[in-house]
Amino acid sequence: MEHQLNRKKMSSGALITVIVTVILLVAVIVLENTMNANSMLFTVLKKAAVYSLVAVSLNLVNGFTGLFSLGQAGFMLLGAYTYGILTIPAEMRESVYYIYQGSAINFSLQGLFQGLFGTAGVGGAIGLILGVLLAIILAGLVAAGFAYLIGLPVLRLKSDYLAIATLGFAEIIRAVFQWDKLGRVTNGANMLKGFPTFSSFNIKDASGAVAVRLSAFMPLLIAALCIFVIILLINSSYGRAFKAIREDEIAAEAMGINLAKHKQMSFCISSFFSGVAGALFAMFAATVQARSFTSAMTYEILLIVVIGGIGSVSGSVLASFLYIFCSEWWLRFLDSGALPFGNISVPFFRNGFRMVVFSVIIMIIVLFFRRGIMGTNEFSDLINQTRRKAKTKKEAAE
Amino acid sequence: MSTSVLHVENMTMQFGGVVAVNNLSMEIDEGEIVALIGPNGAGKTTAFNCITGVYQPTNGLISFYGEPMVCNHPQGKMKKNYGGKNADLYTSSHVLSPTPDKITYMGIARTFQNIRLWKSMTVFENVLTAKHMRAKQNVFSATFRTNRKEEARMRAEAEALLKEQGLWDVRDDVATSLPYGQQRRLEIARALATDPKLLLLDEPAAGMNPQETLELASFIHDIRDKYHLTVFLIEHHMDLVMNISDRIYVLDFGSLIAEGTPAEVQGNQRVIEAYLGVADDE
């Protein structure tokens with residue numbers, strides 16, 4: 001009895017959330033293989049998966065540790081480049097790096113593994129998956145390594161000053177990666193391409209036709225696993241220490257929580273997952289170019305975190321999907337000049353009008369949900385609350 | 001002779017030109033309850049902050065169980081502007097300035113004058129989080145739940161502490177939703193969760209009514225005996241101070257003006273002039 005009390009049991013809400021996530025993932029596989037594969041749905045799903053991972057990782061530092069960091073685009077860039085540089089097939093390097101007469105690195109990770117397992121059939125697939133996974137993990141580690149170095153001086157700063165310093169870092173990184181002296185590694189201001197993308201995960205039959213489509217499922221799966229790990233971290237002893245730092249730094253320090261160590265830890269872990277998301281973003285876009293990781297990207301992610309609720313993982317995930325679905329898909333018709341149904345053309349629907357409507361929607365959301373859609377609640381809390389309410393209602397009725 | 005727990009020697013804290021604590025020396029022995037009193041602005045909380053590492057004293061030495069813990073001498077610009085005494089006493093010794101978390105790890109826990117609970121966390125989480133410091137785990141074992149035993153131990157200990165403080169029934173409430181007296185208790189429970197040897201209480205009875213103050217006195221005695229603590233407190237409620245203290249130090253304008261048993265201090269003319277006389281008006 002005593003033992004049971006002390007162990008934190010998984011609440012029914014958490015269990016339901018996990019089950020629903022698994023069902024949704026399975027549904028994506030089914031839809032992917034039955035629907036038109038070129039549907040906009042899958043494009044936005046992929047992008048939303050990437051964004052939800054960055055948003056949750058940003059929430060880990062901003063919402064749970066209380067460090068106002070704005071370096072996310074920089075860490076994503078590091079991840080994307082690491083992934084790209086390590087996975088461009090050796091035979092394509094000549095053409096990708098043609099301006100710099102070839103690349104300084106002349107192997108790809110999946111190529112190394114395929115050297116072990118063979119290039120054809122199952123061996124080739126295993127080689128590809130191992131290579132890509134290793135590259136994704138290395139992408140995270142490179143981002144985390146940089147975060148550690150930057151964190152040493154920068155994490156002594158607080159609030160706005162920290163934000164400016166991290167934002168500055170992201171801009172510097174972007175400039176450095178476009179530097180042509182590094183061209184044989186980063187390809188300067190030109191894009192990296194030819195590396196495995198999400199569609200490389202599709203299972204093909206002998207003739208080369210796609211047998212099972214997994215290109216939208218894989219990013220969702222990777223993002224879901226990473227977010228699951230972050231949730232585990234947040235609910236662990238370290239997560240509680242992070243929250244204590246957010247709530248009151250002086251009290252946290254007086255209760256024996258080493259501020260420098262825990263801030264550094266949160267910052268590095270968040271950057272690790274941003275790096276992973278960067279690698280996923282590279283796979284989504286099929287090209288990597290430093291130009292695309294602007295500070296506007298960080299603001300976009302910050303906006304998602306704020307809309308979802310600072311300090312709520314569920315909120316960040318929900319907001320990422322809503323944000324990407326709205327901005328990339330549901331509001332597209334506003335740019336096209338006609339309503340999605342019927343054949344009515346509306347004169348003021350023109351290019352750019354989508355963003356006007358979108359901004360208005362965001363303003364309305366921020367006005368009506370002051371603390372974001374979810375506040376600091378999680379899906380599991382809401383489920384538990386409703387169940388408890390239903391239970392008390394039932395008891396009252398009896 | 002009993003062991004010395006806290007030994008403060010010639011401690012001076014100077015902010016710019018203001019000498020907040022001037023050449024304070026004191027001694028606290030194991031198992032004692034010692035009070036630090038004095039009028040507002042006398043430097044009591046500053047002395048606390050120096051002992052707990054929030055401030056680095058400008059000059060002086062603090063030892064904990066005989067081991068030097070904090071040591072400093074006037075350096076840089078302060079060398080010229082230093083307004084305290086014994087400027088040359090510690091120039092040859094090692095400068096020691098551990099951060100507050102290291103001092104807590106050595107075994108000194110504190111509460112705050114203005115309550116500093118982790119506001120949006122529950123009562124249980126507040127105590128549980130204070131257990132984090134001594135847990136044998138790392139971030140990987142904690143994330144992937146291979147520290148089950150350690151986590152269960154932390155939860156069991158936090159539960160025991162809360163039950164003892166009578167806060168178990170409100171464990172799932174947000175810390176700030178508690179009434180004031182209970183928040184003070186929770187802050188003490190949280191400090192106890194770090195397994196301290198010396199407990200520093202900064203005005204534990206502030207804002208409490210006479211009944212609560214009375215309860216607090218017996219409570220401080222109880223926890224001292226139960227956890228084999230040494231207690232050092234700042235307090236303005238004279239009945240509480242006189243009731244529970246073994247010895248009292250009196251500060252005025254940063255300097256020690258008296259020390260001794262409650263009876264000795266109450267009879268001291270300088271203390272009556274500087275502090276107690278004023279308190280009689282209340």
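When both region A:204-232 and region B:76-145 are represented by their alpha-carbon centers, they are found 46 Å apart. Each residue of region A:44-52 was assigned a 3J(HN,Hα) from its phi angle through the Karplus curve 6.51 cos²θ - 1.76 cosθ + 1.60 (θ = phi - 60°); the sequence is 6, 4, 4, 5, 5, 4, 4, 5, 5 Hz, with glycine and proline shown as x. Note on A:Val356/B:Thr122: beta-carbon distance plugged into 1/(1 + (r/R0)^6) with R0 of 41 Å gives a FRET efficiency of 0.40. Rolling a 1.4 Å probe across all protein chains gives A:Arg174 an accessible area of roughly 50 Å². Overall dimensions of region B:124-282, expressed as equivalent-ellipsoid semi-axes from the Cα gyration tensor (√(5λ), whole Å, largest first), are 37, 17, 13.
For B:Leu36, nonlocal amide neighbours, meaning residues 5 or more places apart or on other chains whose placed amide H falls under 5 Å from its own, are B:Leu233, B:Ile234, B:Glu235, B:Tyr249. With all protein chains in place and a 1.4 Å probe, the accessible surface of the protein assembly as shown carries 61 percent carbon and sulfur. In a reduced charge model with +1 at each Lys and Arg Cβ and -1 at each Asp and Glu Cβ, the protein assembly as shown shows a dipole moment near 3040 debye about its Cα centre. Per residue, chain A exposes 47 Å² of accessible surface when a 1.4 Å probe is rolled over the protein heavy atoms with every protein chain present. Mean sequence separation of contacting Cα pairs (under 8 Å, at least six apart), scaled by the length of chain B, corresponds to a relative contact order of 24 percent.
The residue list B:Leu161, B:Pro196, B:Ala142 was ranked by how far each Cα lies along the charge dipole of region B:133-196 toward its positive end, using unit charges on Cβ atoms, and B:Ala142 comes out on top.
Would you mind computing, in nm to one decimal, how far apart the modelled labels at A:Val346 and A:Val122 are, each placed 7 Å from Cα along Cα→Cβ? Simple spin-label model gives 5.5 nm for this pair. Here the average projected area of the convex hull drawn through the C-alpha atoms of chain A stands at 26.6 nm². Note on chain B: GNM, Cα springs under 10 Å; of B:Ser245, B:Ser120, B:Ser25, the largest mean-square fluctuation is that of B:Ser120. What the Cβ-Cβ distance of A:Ser39 and A:Val366 gives, at R0 = 22 Å and to the nearest 0.05, is a FRET efficiency of 0.10. Both chains summed, the buried accessible area for A and B stands near 2900 Å², from protein heavy atoms and a 1.4 Å probe. In this simple spin-label model, placing a label point 7 Å from the Cα along the Cα-to-Cβ direction at both B:Arg153 and B:Ser177 gives a separation of 3.3 nm. Using Cα centres only, tell me the gap between region B:148-171 and region B:16-72 in whole Å. About 32 Å separates the Cα centre of region B:148-171 from the one of region B:16-72. Beta-bridge orientation, the protein assembly as shown: approximately 65 percent antiparallel, per DSSP, counting only bridges with both partners inside. The simple spin-label model puts a point 7 Å past each Cα toward its Cβ; for A:Lys393 and A:Leu152 those points are separated by 5.8 nm. In percent, rounded to a whole number, the relative contact order of region A:220-333 is 13, using alpha-carbon pairs under 8 Å and six or more apart. Rounded to whole numbers, the Karplus 3J(HN,Hα) couplings from phi for region B:182-195 are 5, 4, 4, 4, 4, 5, 5, 4, 5, 5, 5, 5, 8, 6 Hz, using 6.51 cos²θ - 1.76 cosθ + 1.60 with θ = phi - 60°, and x at Gly and Pro. For A:Phe349, the solvent-accessible surface with a 1.4 Å probe is about 30 Å², rounded to the nearest 10. Along its principal axes, region B:1-93 has C-alpha extents of 40, 34, 20 angstrom, given from the largest down. Taking every alpha-carbon pair under 8 Å whose residues sit at least 6 apart, chain A reaches a relative contact order of 28 percent.
Name the residue, out of A:Glu328, A:Glu171, A:Glu91, whose mean-square fluctuation peaks in a Gaussian network model built on chain A with Cα pairs under 10 Å. Maximum fluctuation in the GNM of chain A, among the listed residues, is at A:Glu91. Compared with the direct C-alpha span, the chain from A:Phe333 to A:Leu25 gains 108.1 nm at full extension, assuming 0.36 nm per residue.
A Gaussian network model of chain A, with springs between Cα atoms under 10 Å, assigns the largest mean-square fluctuation among A:Lys243, A:Lys47, A:Lys193 to A:Lys243.
Annotation: amide H-H contacts under 5 Å for B:Ser255 (H modelled 1.01 Å from N, sequence separation of 5 or more, or interchain): B:Asn22.
Can you compute the helix-only [θ] at 222 nm over chain B? Use -39500 (n - 2.57) per DSSP H run of at least 4 residues, normalise by all residues, nearest 500 deg cm²/dmol. The helix-only estimate for chain B comes to -9500 deg cm²/dmol at 222 nm.
Among the lysines of region B:47-180, pairs at least eight places apart or on separate chains and with Cα atoms under 19 Å apart come to 7.
The values are calculated or read from the model by the stated rules, or taken from the named source; none is laboratory data. None of the values given here were measured: they were computed from a predicted structure. Neighbour counts run over all protein chains shown; Cβ positions are idealised from the backbone, glycine included. Areas reflect the complete protein model, heavy atoms only, side chains present, ligands, DNA and RNA absent. Shrake-Rupley method; radii C 1.70, N 1.55, O 1.52, S 1.80 Å.
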